[in-house]
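To start, the structure itself, in structure tokens.
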Amino acid sequence: QVQLVESGGGLVQPGGSLKLSCAASGRIYSIRTMGWYSQAPGKQRELVATISSGGNTNYQDSVKGRFTISRDNANNTVYLQMNSLKPDDTAVYYCNADITARATIGFYTREYWGQGTQVTVSP
């Protein structure tokens, strides 16, 4: 079984910083794109940032210049450094990854989600 486990959420004041981590584990053969999504109360889940296996990144306009996504391919981990946090950043943040895993015979590829970690930005 493959799973994604997130950590690093919490309560922070406006202007503060947090760093989220997401580690993938299991019978992993390879990981393509990894990313972070956010879901605020009453809203749909939306893309925050993605990073390819080669390190190409993509950001939602509202986080450009404030958030940085990175990954450690050797440890199957993706990070999201969040700086200059605003109350509007308050949401549950979910890790996402396209993973090829080893089956009993052969391989299979699917999208995986973490369980989510709460980020609250409040005075």
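The values are calculated or read from the model by the stated rules, or taken from the named source; none is laboratory data. Just so it is clear, the structure is predicted and the values come from calculations on it, not from any experiment. Here the Cβ positions follow ideal geometry from the backbone for every residue, glycine too, while neighbour counts run over all protein chains shown. With ligands, DNA and RNA removed, areas are computed over all heavy atoms of the protein, side chains included. Shrake-Rupley method; radii C 1.70, N 1.55, O 1.52, S 1.80 Å.
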Solvent-accessible area per residue for the chain (1.4 angstrom probe, square angstrom): 54
Evaluate the distance, in nm, between pseudo-label points positioned 7 Å from the Cα of K19 and of T120 along their respective Cα→Cβ axes. 2.4
Taking a label point 7 Å from the Cα of S52 along Cα-to-Cβ, the residues of segment 2-34 whose backbone nitrogen sits under 11 Å from it are 33
Inverse of mean 1/r across different Cα pairs in segment 27-66, Kirkwood, Å: 11.6
Return the carbon/sulfur percentage of the accessible area of segment 52-122, one whole number, probe 1.4 Å, all protein chains in place. 44
What is the chain's relative contact order, in percent, from Cα pairs under 8 angstrom and six or more apart in sequence? 35
Note down the nm distance, to one decimal, between modelled labels 7 Å out along Cα→Cβ at Q60 and at S84. 1.7
